[in-house]
Structure formats: C-alpha cells, structure tokens
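J.: Just dropping this structure here.
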Amino acid sequence: MAEPEVASTDSEAVPTPENSTPLDDASPLEEHVPSIDTPTLAPTSPESRLSRNPSFSGSSSTYQEDWDSNFPPLDRLTVLELLDNFTLPQQLEKLQKGISAQTEKVRKSREAFNTKSRQARERMVDEWRRRVPSAEEQLDRYRKRMRNSVDKLGKRWNDTKAITLREKISFIFGVMNIFVSGYLIGGWPEYMHWWYTIQILYFMPIRFYTYHKRGYHYFLADLCYFVNFLLLLSVWVFPKSKRLFTAVYCLAFGNNAVAIIMWRNSLVFHSFDKVTSLFIHIMPCATLHCIVHLISPEHQASRFPAIYTIKHSPAGSPTAYANVLSMLAWSTIPYAIWQLSYYFFITVRRRDKIAAGRPTSFTWLRQSYSKVWIGKFVLGLPEALQEPAFMFIQYAYAVLTMLPCSLWFYYRWASAGFLGVVFVWSVYNGATYYIDVFGKRFQKELEAMRKEVERWQGEHEGLVGGGGWSDHGEEKKVGLGEGISGKVLDERREGDEDSGGGLDNIPLLNDERPAAAMVTGLEVGDGGARDVARERRQGRGGI
C-alpha cells in the first residue's frame with residue numbers, strides 16, 4: 001500500500017528529476033523526515049531556487065498556479081505596495097477615534113448649554129421675584145406722583161416767583177421804553193436818534209450773546225440787522241449821503257416794518273427776546289419818522305443835510321431821490337450786497353453746519369411754508385434751484401413793500417398812520433399771547449391733571465388686575481415684566497411730562513407765525529425765527 005503524499009511547503013526542497021528516487025527504494029517516512037532541509041537566511045544556490053517550469057505535475061503545478069494568480073512576481077513587488085496593506089486599517093481606526101471624540105465634545109457642550117440656560121432662567125425668575133412691588137408700594141408710588149402733581153400746580157397758582165427777576169426787569173424796561181419813546185416823539189423828536197442809538201448798543205450785544213449760546217447766530221445775518229447797521233452809518237457817519245439815506249428809508253419802511261405783521265412780532269413786556277425783536281423792526285421806522293417829519297427844517301438842514309436836500313428838491317432835479325424809481329434803484333444796491341454776502345458767507349461756506357441742523361432763515365422758512373402753495377412751489381424745484389428761487393421771491397417781496405415808501409416820505413400823516421397800524425398790530429399780537437398762551441396754558445394744565453388722575457387710577461386698578469389703560473380710556477395689555485416692575489408707571493409719567501412740552505410738538509411759528517394766506521412774507525426777520533427755532537444740542541461744534 002502506497003504512503004500518502006506529503007504537501008510541500010516553502011521550506012521543503014522541491015524534487016527535481018535528478019534527485020528524485022522511487023518510493024520503493026526509499027527508506028520509511030521516519031527516515032526521510034530528518035533529512036528535510038530547514039530554511040535558512042543563507043544564500044541559496046541556483047539549483048535550490050524555486051522553479052517556474054510548468055512541466056511539473058501533481059500538487060506542485062496547482063500550487064504554482066495559485067501563487068501566480070494571487071500575488072505578483074517577487075521581483076516586481078514594491079515597498080509602497082507592501083505598506084498599503086498596513087495603512088488603510090490605521091486610517092480607519094484614526095477616523096473612528098476622531099468621530100467618537102467629536103461626539104463626546106458635542107454631548108458635553110449640549111449639557112453645558114442646558115445647564116447655563118437653566119441657571120440664567122432661575123436667576124431671572126429670582127430677580128423678578130425680588131423686584132415685585134407689593135400693593136402697598138404701588139399705592140405709595142401713586143400717591144407720591146399725585147402729590148407732586150398737585151404741588152406743582154399749586155406753585156404755578158400761588159407762587160409769586162413763577163415770574164423770574166429777569167422777566168420782571170424786562171417788563172419794567174419794556175413799559176418804560178414805550179413811555180420814553182412816546183415822550184421823545186411828542187416833545188423832543190430831535191433826540192430820538194440818540195435814544196435809538198443807546199438802545200441798540202444795549203440790545204445787540206445781549207442778542208448776539210444769547211443767540212450764539214443757543215445756536216441761532218446765523219439769524220444775526222438777516223436783513224433786519226443789516227438795516228439797523230445802515231441806519232447807524234447814515235445817522236452818525238454819512239449824514240450827507242442822499243443815496244444811503246434813500247436805501248435805508250426804503251428798507252426800514254419796507255421789509256422791517258411789514259415783518260412785524262408777517263412774522264407776528266409781539267409786544268410782550270416780560271419777554272426780553274420779544275421786546276428786542278420788536279425794537280429791531282419798529283424803532284428804525286420811528287427814528288426815521290422823527291428826523292424826516294417832526295424836527296424843524298433848520299435843525300434838519302444842519303444835522304441831516306441829506307434828508308433836507310431830498311425833501312426840498314423839486315421834482316425832476318438830480319437830487320430828487322424820493323420818487324419810486326430812484327428809491328427802488330438805490331435800495332436795490334445795498335440789498336444785493338447783503339443778499340450775495342449772505343449767500344456766499346452763510347449758505348455756501350456754512351453748508352455743512354446747516355446740513356447738520358443749524359437753523360437759518362431759508363431752512364426755517366422752507367419747513368414752515370412746506371404746506372403753503374409758495375412753499376410747495378419752491379420745494380418742487382430741483383434742490384440746486386431752491387435757494388435761487390427763494391432769493392428771487394424774497395427780492396420780489398422787498399420790492400412790493402418798498403413801493404409805497406415815497407408816500408410815507410412826503411406825507412407826515414400817512415407815515416404816522418402806517419406806523420400806528422404796525423404798532424397796534426404788535427400790541428394785538430402781544431394781547432393774544434398773554435390771553436391765549438397764558439390762559440390756555442393754565443387751562444390745559446388743569447385738564448391734563450384731571451386726565452392724569454383718571455389715568456393713574458385706571459393704571460393702578462389695571463396693574464392689580466393685570467391690565468392697564470390707554471390715554472383714550474381703552475383697556476390694553478401690560479407686559480409681565482412691566483407690570484411686575486412698575487415700569488409702565490414711570491414711562492407713562494415721562495410721556496405726560498414730555499407731551500406738549502417738547503420742541504418737536506410745538507408747531508412752527510406758534511408764537512410768531514405769519515398769516516398762512518399771505519402770498520409774500522419771505523423776508524427773513526428774526527421776529528418769528530428766534531422764538532421758534534430749535535435750540536442747539538449740546539455737543540455740536542462751534543460756528
């Protein structure tokens with residue numbers, strides 16, 4: 001019986017035809033086992049190398065085919081091919097570890113976020129609980145506010161110090177100014193220009209200081225101040241200049257005088273600003289009326305030769321400047337100088353300041369007359385043409401007011417009648433201010449207090465029941481936080497103090513508003529502008 005075949009391995013010597021022996025002559029299997037060569041690292045001879053000859057039969061041929069099909073030849077293997085078998089598992093293991101670390105990090109972040117959110121919610125609830133006002137605290141707050149309101153109203157009603165010392169002094173000087181001016185006009189008209197000069201040297205520095213402090217100093221470049229400056233030059237520096245006097249007379253009796261009506265200058269004795277504005281517009285006319293019509297011809301010829309020459313020149317003579325054409329022509333020259341200077345030095349050079357909110361005559365009039373047809377016309381033009389259109393309308397208004405100046409110059413009673421109408425108009429504006437503003441102001445305060453009492457009662461009841469009351473008596477919801485902290489009480493109290501008291505809620509020209517139906521009236525006098533222009537905010541730059 002033949003012995004079973006022993007599977008050959010890499011460590012066994014592959015039989016060759018030369019060294020193979022028949023099994024019959026061979027010794028038993030135990031004798032052949034010790035003779036198998038053990039693989040060593042020593043170099044092998046060519047005879048001991050593996051043979052790739054496919055002529056071998058049996059198991060050797062099958063093994064060789066499997067080797068060739070699964071692995072490339074050994075002489076063609078590279079290091080990278082060997083290393084690739086080890087790199088892929090390492091990368092998979094590293095990726096798995098990274099995913100596990102990120103998952104753990106996200107889990108910890110979620111737990112930390114939930115913990116912080118819970119702690120913040122607990123702190124907020126604790127803070128709300130600490131700040132919850134009790135019913136007694138809410139009632140005390142209500143009583144305190146109502147007591148303050150009653151005390152404030154009582155002070156306005158009973159306290160004689162509501163009018164400050166400065167307002168008292170202004171009232172006294174205002175009344176005395178009217179008395180002294182009337183006395184000089186009736187008894188000593190030749191000294192009227194002295195009285196006018198003394199007053200303007202008193203009023204103008206104060207006006208300049210207060211306007212510059214409040215941010216209104218661009219209004220000091222208006223035409224009314226320029227006219228007063230020209231009148232001082234005509235009286236004290238150039239009394240012989242007929243052309244200068246003609247221009248001053250037309251501008252004073254034209255723009256300045258009509259501005260009292262257009263801008264509603266008011267004779268309010270306790271207001272220093274209103275008294276100053278009325279003085280700037282009416283006193284040049286009163287002074288010119290005295291030196292033209294009330295002083296003697298001898299004194300006029302010696303002290304004011306230009307006036308005497310114009311008044312006594314025959315019609316058609318070269319010195320007869322009191323006709324309409326001459327007055328318009330000679331008054332246009334200083335007017336053009338003022339207008340161009342104002343445009344270049346204020347409108348152009350101070351454009352950045354004006355754009356930042358500094359009020360000027362043009363910006364104020366553009367806002368005041370935005371709903372009047374003439375304002376709509378100017379605002380409907382391109383922005384580059386609005387200022388030229390405004391200047392043209394302003395000059396047209398000046399021409400219209402100067403047309404009757406020849407009549408005022410030649411006829412004494414016509415001039416006196418015109419001044420009387422203008423002055424009575426200012427007195428009427430002052431009476432309207434005293435009655436309507438003061439009387440209605442106190443009436444509004446009483447009405448506001450009544451509404452405040454009703455509103456506080458409703459709010460107190462609403463806070464107890466979880467709701468509040470609106471200004472119109474309609475119930476509305478109050479937020480939980482506002483209801484707990486009582487913030488709604490503070491906000492509505494502040495709203496009451498600000499309503500009707502802020503500058504934004506006061507309509508333009510409230511005290512000095514010209515008639516809306518007037519077509520002209522764009523001459524820029526400060527009478528209305530200074531009383532309604534908004535105060536400069538703190539923190540703005542200088543001029």
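The values are calculated or read from the model by the stated rules, or taken from the named source; none is laboratory data. Given the structure is predicted, the values throughout are model-derived calculations rather than measurements. Note that each Cβ is placed from the backbone with ideal geometry, even for glycine, and that neighbours are counted across all protein chains shown. Protein only, heavy atoms only, side chains kept; ligands, DNA and RNA dropped before computing areas. Shrake-Rupley method; radii C 1.70, N 1.55, O 1.52, S 1.80 Å.
J.: Residue pairs, Cβ under 9 Å, 6 or more apart or interchain, first in segment 153-180 and assigned to a helix (DSSP H, G or I), second at pLDDT 70 or above and of a type in the set (Ser, Thr, Tyr). List them.
T.: Going by the 9 Å Cβ cut-off, the qualifying pairs are Glu167/Ser271; Ser170/Ser271; Phe171/Ser271; Gly174/Ser271.
J.: Taking segment 260-291, which residues are of a type in the set (Phe, Trp, Tyr), assigned to a loop (DSSP other than H, G, I, E, B) and out of contact with any Phe, Trp or Tyr (no Cβ under 7 Å at 6 or more places or on another chain)?
T.: Passing the criteria: only Trp263.
J.: Evaluate segment 411-433: report whether one residue or more is part of a helix (DSSP H, G or I), in contact (Cβ under 8 Å) with a residue 24 or more places away in the chain and of a type in the set (D, E, K, R).
T.: yes
J.: Now for a different question. Need a quick list: helices (runs of 4 or more DSSP H) entirely within segment 292-347 having at least 2 residues that are free of Cβ contacts under 8 Å to residues at least 24 places away in the same chain and either open to solvent by less than 40 Å² (accessible area, probe 1.4 Å) or on the phi < 0 side of the Ramachandran plot (or both).
T.: 297-303, 324-342
J.: On to the next question. So, in segment 392-410, exactly how many residues are open to solvent by 70 Å² or more (accessible area, probe 1.4 Å) and in a helix (DSSP H, G or I)?
T.: Qualifying residue count, segment 392-410: 5.
J.: Criterion first (open to solvent by 10 Å² or more (accessible area, probe 1.4 Å) and over 21 Å from Thr363 (Cα atoms)) does Phe226 satisfy it?
T.: no
J.: Which condition number does Ser117 fail, the rest of (1) at pLDDT 85 or above; (2) under 30 Å from Thr276 (Cβ atoms); (3) open to solvent by less than 60 Å² (accessible area, probe 1.4 Å) being met?
T.: For Ser117, the failing item is (2).
J.: Follow-up. Restricting attention to segment 201-211, report how many residues are out of contact with any helix residue (DSSP H, G or I) (no Cβ under 6 Å at 6 or more places or on another chain) and open to solvent by less than 100 Å² (accessible area, probe 1.4 Å).
T.: So the count comes out to 4.
J.: Cβ contacts < 6 Å: first residue without any contact (Cβ under 8 Å) to a residue 12 or more places away in the chain, restricted to segment 185-201; second residue buried (at least 16 other Cβ atoms within 10 Å of the Cβ) and in a helix (DSSP H, G or I), any location; separation 6+ or different chain. Result?
T.: Tyr191/Leu184
J.: Also, I was wondering about something else. Among (1) within 14 Å of Cys405 (Cα to Cα); (2) touching a His at 6+ places or on another chain (Cβ under 7 Å), which single condition is Lys311 missing?
T.: Unmet condition: (2).
J.: Continuing with the same structure: Are any residues in segment 369-391 polar (S, T, N, Q) and either over 18 Å from Arg351 (Cα atoms) or open to solvent by 50 Å² or more (accessible area, probe 1.4 Å) (or both), and if so, which ones?
T.: Across segment 369-391, the qualifying residue is only Ser370.
J.: For segment 348-368: of the residues being free of Cβ contacts under 8 Å to residues at least 40 places away in the same chain and open to solvent by 80 Å² or more (accessible area, probe 1.4 Å), which is farthest from the chain's Cα centre (by Cα)?
T.: Of everything passing the filter in segment 348-368, Arg349 is farthest from the chain's Cα centre (by Cα).
J.: Separate question: Go through the residues of segment 218-238 one by one and say whether even a single one is assigned to a helix (DSSP H, G or I), over 26 Å from Ser331 (Cα atoms) and modelled with pLDDT under 95.
T.: no
J.: Kindly establish whether Phe269 is touching a Gly at 6+ places or on another chain (Cβ under 7 Å), aromatic (Phe, Trp, Tyr) and open to solvent by 40 Å² or more (accessible area, probe 1.4 Å).
T.: Spelling it out, Phe269 is indeed touching a Gly at 6+ places or on another chain (Cβ under 7 Å), aromatic (Phe, Trp, Tyr) and open to solvent by 40 Å² or more (accessible area, probe 1.4 Å).
Conditions (1) within 21 Å of Tyr216 (Cβ to Cβ); (2) hydrophobic (A, V, I, L, M, F, W, C), marked per residue:
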position	(1), (2)
Ile333	no, yes
Lys353	yes, no
Phe362	yes, yes
Gln367	yes, no
Lys371	no, no
Ile374	no, yes
Ile393	no, yes
Tyr397	no, no
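J.: Filter segment 186-216 down to residues that are closer than 30 Å to Gly420 by Cβ, among the charged types (D, E, K, R) and within 31 Å of the chain's Cα centre (by Cα), then give me how many there are.
T.: Residues that pass the stated criteria total 1.
J.: Can we say Thr246 is in a helix (DSSP H, G or I), of a type in the set (Ser, Thr, Tyr) and crowded, with 24+ Cβ neighbours inside 10 Å?
T.: Here the answer is yes, as Thr246 does meet what is asked.
J.: Now for a different question. Residue check, Asn177 against (1) within 24 Å of Leu220 (Cα to Cα); (2) open to solvent by less than 40 Å² (accessible area, probe 1.4 Å); (3) at pLDDT 95 or above, all met but one. Which one?
T.: Evaluating Asn177 over (1) within 24 Å of Leu220 (Cα to Cα); (2) open to solvent by less than 40 Å² (accessible area, probe 1.4 Å); (3) at pLDDT 95 or above leaves (3) as the failure.
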